[in-house]
Amino acid sequence: MARRSKFKDPGLFMTLIIIIYSTIVFAWWPTDIYMAGISLVAWLMFFGLFLWFIITAAYVVWIEKIEKD
């Protein structure tokens, strides 16, 4: 098996996405912004669940493609 660069690793890329999204959520945390009576942070965390699912599916497909090659 050929060695790949660590910078091309899907896990590193996905981790960076999670860190960026988490930074945005925690930046809004101390604010009192409400939409439909629910805190903006709660909305961001709710939509984050869908983001995590998409990231997980993309990671699995990406890793399987790499392992196949």
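Does region 12-64 hold any residues that are among the small types (Gly, Ala, Ser) and outside any helix (DSSP H, G or I), and which are they?
ALA36, GLY37, SER39 - these are the residues of region 12-64 that are among the small types (Gly, Ala, Ser) and outside any helix (DSSP H, G or I).
Those residues that are under 21 Å from the mean Cα position of the chain (by Cα) and over 24 Å from LEU12 (Cβ atoms), I need them from region 26-39; list them, please.
Answer for region 26-39, where residues must be under 21 Å from the mean Cα position of the chain (by Cα) and over 24 Å from LEU12 (Cβ atoms): TRP28, TRP29, SER39.
Residues are listed down the side, and each one gets a yes or a no for (1) within 11 Å of the chain's Cα centre (by Cα); (2) surrounded by 12 or more Cβ atoms within 10 Å (Cβ to Cβ):
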site	(1), (2)
LYS6	no, no
PHE13	yes, yes
VAL41	no, yes
LEU49	yes, no
ILE55	yes, yes
ILE63	no, yes
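Every number in this text was worked out from the coordinates using simple rules, so none of it is lab data. Just so it is clear, the model here is predicted, and its values are computed rather than measured. No Cβ is skipped: glycine too gets one built from the backbone with ideal geometry, and neighbour counts run over all protein chains shown.
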